[in-house]
Amino acid sequence: MSDKYSYKCSILVLLYNKGVCESNTLNSLLISKLKFEDCKLVVWNNGPNQIKFENYETLINMGFDISFIETVDNESLAKVYNKFINLFIARRYLILDDDSVLNDIYLKKALESDQQKLTIPIITNHGITQGPFVDGVVYTEGKFTKVKHSIVAVGSGLIIGHGVIDLLLNHYGSIFDDRFYLYGVDSTFFKRINNLKLFNNIEVIQGFEHSFSRLEIENPDTIKFRKKERTYDIALTNIFYNESEVNSLFFVFNTIIRSFVKELIGIKSDVIISAFIYASLKRKHYRYSADKDLKQIDYDFSHKPE
């Protein structure tokens with residue numbers, strides 16, 4: 001390529017507890033009729049076990065330059081996203097999880113999206129629109145033309161143009177806030193977008209079907225884990241993104257008192273009180289370390305098979 005960008009688009013597919021062949025996202029890419037010249041595909045296994053990368057020859061023949069990375073300790077999503085963006089310089093970046101049913105209309109728009117914009121797909125689950133939310137209301141295609149106050153969406157499916165990357169780096173020093181680990185990574189990204197009022201840099205496009213964990217029936221251990229992660233998200237978002245220190249302190253005391261009262265009368269609290277207090281006092285996620293880098297294993301799939 002003649003300019004400073006290595007790729008037209010860098011695409012991340014982040015796997016967790018799933019093999020390559022089990023990923024709806026990768027299976028959607030495999031049946032695409034599009035050509036992906038000058039496109040980087042990064043398949044990133046975030047654990048909990050190492051896996052084999054199958055069918056990569058087909059993806060290479062579709063035009064992809066492929067990298068396969070493993071971080072089997074379920075690393076910080078924010079660090080994974082930031083590392084992906086820093087490693088594979090492109091005009092635009094497409095972030096995907098492992099359980100989305102993509103279509104060529106969405107993929108074509110993603111590859112042709114304005115590199116000065118943040119392009120957000122309409123996400124559905126069983127045909128019901130789940131986002132994005134524009135000014136507090138779920139987006140309806142054709143109903144909204146401009147964002148006035150805020151936009152919120154899930155991270156999967158975002159296409160982040162390099163122009164938006166530069167604006168975020170200049171103001172925050174990073175794209176995603178790596179003080180957050182799993183929960184809060186998407187929402188604080190949009191808090192940054194809303195704080196900078198980058199509404200003229202936003203475009204909403206037709207999207208795809210996506211599986212939401214919050215809509216699935218889960219076992220008690222998973223429910224407990226998600227509650228703990230949500231607790232840290234709530235506490236840290238209040239600390240780092242509340243505009244007023246007084247309001248932040250009020251929120252902490254109010255949340256603790258309300259949670260204690262709920263427990264006393266036999267109603268489950270929205271947060272784990274001990275974890276909320278710990279996060280509010282320590283001002284960090286229980287797995288966070290400023291010095292901790294990703295323990296990644298890289299595999300080379302950059303050459304076409306003989």
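Kindly state which helices (runs of 4 or more DSSP H) lie completely within the stretch 34-113 and contain at least 2 residues that are over 22 Å from Asp293 (Cα atoms) and hydroxyl-bearing (Ser, Thr, Tyr). Quick ask: steps written out before the conclusion?
Numbers: elements: 56-61, 77-87, 104-111.
Result: 56-61.
Exactly one residue among Leu41, Leu15, Leu87, Leu59 is among the aliphatic types (A, V, I, L, M) and closer than 28 Å to Phe133 by Cα, and that residue is Leu15. Comparison of Leu15, Leu29 shows that the only residue that is closer than 19 Å to Asp300 by Cα and either aromatic (Phe, Trp, Tyr) or crowded, with 21+ Cβ neighbours inside 10 Å (or both) is Leu15. When Ile85, Ile95, Ile123, Ile89 are checked against the criterion of being touching a Gly at 6+ places or on another chain (Cβ under 6 Å), at pLDDT 95 or above and of a type in the set (A, V, I, L, M), Ile95 stands alone in meeting it.
Mind checking which residues of the stretch 45-66 are within 27 Å of Arg287 (Cα to Cα) and crowded, with 18+ Cβ neighbours inside 10 Å?
Restricting attention to the stretch 45-66, the residues satisfying the condition of being within 27 Å of Arg287 (Cα to Cα) are 45-51.
Answer for the stretch 45-66, where residues must be within 27 Å of Arg287 (Cα to Cα) and crowded, with 18+ Cβ neighbours inside 10 Å: Asn45, Asn46, Ile51.
Being crowded, with 20+ Cβ neighbours inside 10 Å, within 17 Å of Lys191 (Cα to Cα), within 13 Å of the chain's Cα centre (by Cα) and without any contact (Cβ under 8 Å) to a residue 40 or more places away in the chain: is that true of Ala78 here? I'd like the intermediate steps shown before the answer.
Working: crowded, with 20+ Cβ neighbours inside 10 Å: yes; within 17 Å of Lys191 (Cα to Cα): yes; within 13 Å of the chain's Cα centre (by Cα): yes; without any contact (Cβ under 8 Å) to a residue 40 or more places away in the chain: no.
The answer is no for Ala78.
Among the residues of the stretch 42-58, none qualifies, meaning not one is farther than 30 Å from Tyr232 by Cα, among the hydrophobic types (A, V, I, L, M, F, W, C) and out of contact with any helix residue (DSSP H, G or I) (no Cβ under 7 Å at 6 or more places or on another chain).
Every test in (1) at pLDDT 90 or above; (2) over 20 Å from the mean Cα position of the chain (by Cα); (3) part of a loop (DSSP other than H, G, I, E, B) is passed by Lys143 save one, and that test is (1).
Checking each residue in the stretch 257-279 for being aliphatic (A, V, I, L, M), farther than 20 Å from Gly184 by Cα and assigned to a helix (DSSP H, G or I) picks out Ile257, Val261, Leu264. Quick one: in the stretch 142-171, of everything that is touching a helix residue (DSSP H, G or I) at 6+ places or on another chain (Cβ under 6 Å) and not hydrophobic (A, V, I, L, M, F, W, C), which residue is farthest from Arg283 (Cα to Cα)? That would be Ser150.
Starting from the stretch 260-271, take each residue that is in the same structural domain as Ile234 (by TED's automatic domain parsing) and closer than 17 Å to Lys224 by Cα and list its partners that are of a type in the set (Val, Ile, Thr) and not in a loop (DSSP other than H, G, I, E, B), counting only C-beta distances under 7 angstrom and pairs at least six apart or across chains. That search, which allows pairs on different chains as well, returns Val271/Thr231; Val271/Ile234; Val271/Thr255.
The values are calculated or read from the model by the stated rules, or taken from the named source; none is laboratory data. Computed from a predicted structure; not experimentally measured. Backbone-built Cβ (ideal geometry, glycine too); neighbour counts: all protein chains shown.
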